[in-house]
């Protein structure tokens with residue numbers, strides 16, 4: 001069965017999201033929400049997770065979690081299974097609660113602002129979903145980690161970590177004054193929020209620096225199997241294909257302009273295309289574009305004649 005590859009490594013940070021089955025509620029009342037947060041605390045104790053942000057919405061949840069040890073998959077299996085069991089027993093129902101596999105966006109924790117932006121996205125959800133009136137502050141939404149951020153450290157859950165987000169926001173100290181400034185900035189951000197601000201968080205599989213993403217793609221290409229799917233698979237294959245192109249160009253002492261200068265049907269280009277088809281899963285359209293070989297139909301024709309020639 002096709003499935004998405006879960007990338008795990010010590011210190012990884014993820015934005016995790018999952019919805020109710022058929023988009024139905026996963027919280028029927030505050031009792032459910034309380035149990036969810038309690039269960040979150042339990043999985044943190046079991047796995048060593050550190051939570052940077054969370055937000056419970058009527059039919060889905062958001063969670064920004066750091067895993068000091070590579071325990072995302074095992075931890076989420078226990079967490080979602082345990083909460084589902086508690087929900088079903090409480091409401092005397094059976095069956096699935098969540099819709100398929102959870103989404104886990106990998107977040108760059110290098111300190112360059114990516115973690116703060118993801119946590120802002122999570123904390124702004126109640127306002128975005130109009131669960132708060134315009135005059136209400138974000139702190140009035142109880143089932144989010146944002147009100148906890150604004151409390152003194154001794155009153156927060158031990159598993160909630162706020163220092164990294166405050167640091168990326170430029171707040172030097174977790175003091176009353178620092179927390180007031182943090183809230184002021186968040187409310188200002190709320191007023192200026194635009195739909196496109198979080199496109200990469202909503203749609204992508206990774207959020208961070210290109211160099212870090214390149215390292216991840218290399219790691220993933222070594223583990224990716226035919227059963228995996230998704231954007232990360234495509235990008236991993238493209239990264240692998242770029243390495244092949246670089247090797248072949250170096251062997252021929254070609255430079256970037258050489259691809260433009262050579263004919264679309266150049267025999268050496270066809271040789272590279274053949275290797276790309278043999279060793280990677282990139283599309284013919286990608287090959288045509290990357291090697292400057294014209295249309296997809298042209299590349300297919302060239303590959304066909306190459307195969308026919310090899311069969312003779």
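Every read-out reported here was derived from the displayed coordinates using simple, explicitly stated rules and does not represent laboratory data. Fair warning: this is a prediction, and the values are worked out from it, not measured in the lab. Using ideal geometry, Cβ is built from the backbone for each residue, glycine included, and neighbour counts are taken over all protein chains shown.
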(message) How would 183, 279 line up from fewest to most surrounding beta-carbon atoms within 10 angstrom?
(response) 279, 183
(request) Pull out a ≥ b ≥ c, the square roots of the eigenvalues of the alpha-carbon gyration tensor of the stretch 90-228, then state rounded if a/c is under 1.5, prolate if not and a/b is larger than b/c, and oblate in the remaining case. (result) oblate
(message) With the crude spin-label approximation of a point 7 Å out along Cα→Cβ, what separation in nm comes out for residue 28 versus residue 96?
(response) 2.0 nm
(request) Please report 212, 304 as a ranked list, fewest other C-beta atoms within 10 angstrom at the top and most at the bottom. (result) 304, 212
(request) Starting from the Cα of residue 86, step 7 Å along the direction of its Cβ; do the same at residue 140; then give the gap between the two resulting points in nm. (result) 2.9 nm
(message) Can you give me the angle between helix 296-311 and the longest principal axis of the chain, using Cα atoms only, in degrees from 0 to 90, rounded to the nearest 10?
(response) 50 degrees
(request) Mind jotting down the distance between the C-alpha centroids of the stretch 45-67 and the stretch 278-293, whole Å? (result) 40 Å
(message) Using Cβ counts within 10 Å as a stand-in for footprinting exposure, how do 292, 277, 199 rank, fewest first?
(response) 199, 292, 277
(message) So if each residue of separation counts as 0.36 nm, and I subtract the Cα-Cα distance between residue 300 and residue 275, what length gain in nm does that give?
(response) 7.6 nm
(message) Relative contact order of the stretch 12-207, please, whole-number percent, based on alpha carbon pairs below 8 angstrom and at least 6 residues apart.
(response) 26 percent
(message) Under 10 Å, Cα contacts only: if you run a Gaussian network model on the chain, which one of 95, 48, 85 comes out with the highest mean-square fluctuation?
(response) 95
(request) Relative to the longest principal axis of the C-alpha atoms of the chain, give the angle of the C-alpha long axis of helix 72-91, reported between 0 and 90° and rounded to the nearest 10°. (result) 50 degrees
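Between residue 151 and residue 243, take the C-beta separation as r, use R0 = 51 Å, and let me know the FRET efficiency to the nearest 0.05. Please list the in-between numbers first.
On the way: r = 49 Å, r/R0 = 0.97.
Step by step, r from the Cβ atoms, then E = 0.55.
Where does the chain land at 222 nm, in deg cm²/dmol rounded to the nearest 500, when only DSSP H runs of n ≥ 4 count, each adding -39500 (n - 2.57), divided by all residues?
-16000 deg cm²/dmol
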(message) Using only alpha-carbon positions, what ratio does the radius of gyration of the chain give when scaled by 2.2 N^0.38 Å?
(response) 1.25
(message) Classify the stretch 114-165 from the C-alpha gyration tensor, please: rounded if a/c falls under 1.5, else prolate or oblate depending on whether a/b exceeds b/c.
(response) oblate
(request) Take the alpha-carbon centre of the stretch 129-186, take the same for the stretch 9-43, and report the distance between them in whole Å. (result) 19 Å
(request) On a 0 to 90° scale, report how tilted helix 30-47 is relative to the longest principal axis of the chain, with both axes built from alpha carbons and the result rounded to the nearest 10. (result) 60 degrees
(request) Using Cα pairs closer than 8 Å and at least 6 residues apart in sequence, work out the relative contact order for the stretch 231-311, in percent. (result) 31 percent
